[in-house]
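Remarks on the structure that follows.
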Amino acid sequence: MSDPTLDALAETARNRGLKLVRSRVRTAGKRRFGKAGLTDAKGKPIFGMDDKGPVAKPEEVEHFLRNLGAQDWGASLDVAVLPRKKPRARAREAANDRDPAPAPQPKPVKQPKPKEPSKPKLRDAKPSDAARIAELI
């Protein structure tokens with residue numbers, strides 16, 4: 001069964017374009033039990049890893065993920081999976097080169113055609129109509 005703390009760390013790492021590597025040691029008390037580390041998408045060690053696997057405590061990994069060595073949160077986005085797109089700079093025209101464009105005219109709204117009222121249909125009375133006719137009379 002997986003630890004909810006490690007699952008949350010894995011999701012946080014994934015949001016930053018990293019992968020959480022969990023220790024495979026399942027026996028409490030052994031050296032690497034409960035350890036974790038971070039790699040990039042290609043498997044290159046980023047934090048808390050050595051040649052044999054993860055060596056960092058989950059708290060240390062969480063601290064690293066919260067800071068990511070960045071001075072602000074915007075800089076930490078640069079390590080995300082999808083790089084930020086920089087908006088294209090539009091060339092601005094000089095303010096007094098031409099007259100302002102006329103305000104756009106509102107488009108006329110098409111009014112739906114009113115539905116013609118349905119015409120009543122007249123028919124002869126049937127024996128099944130007797131109860132209703134008696135109420136009306």
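Some observations on this one:
- Pairs where the first residue, in region 18-44, is of a type outside the set (Lys, Arg) and the second is at pLDDT 85 or above and exposed (fewer than 11 other Cβ atoms within 10 Å of the Cβ), C-beta under 6 Å, 6+ apart: none
- Residue pairs whose Cβ atoms lie under 7 Å apart, separated by 6 or more positions or on different chains, with the first residue in region 47-67 and closer than 13 Å to Leu9 by Cα and the second polar (S, T, N, Q) and part of a helix (DSSP H, G or I), are Pro58/Thr5; Leu65/Thr12.
The values are calculated or read from the model by the stated rules, or taken from the named source; none is laboratory data. Just so you know, these numbers come straight off a predicted model, no measurement behind them. Cβ sites come from the backbone with ideal geometry, for glycine too, and all protein chains shown count toward neighbours.
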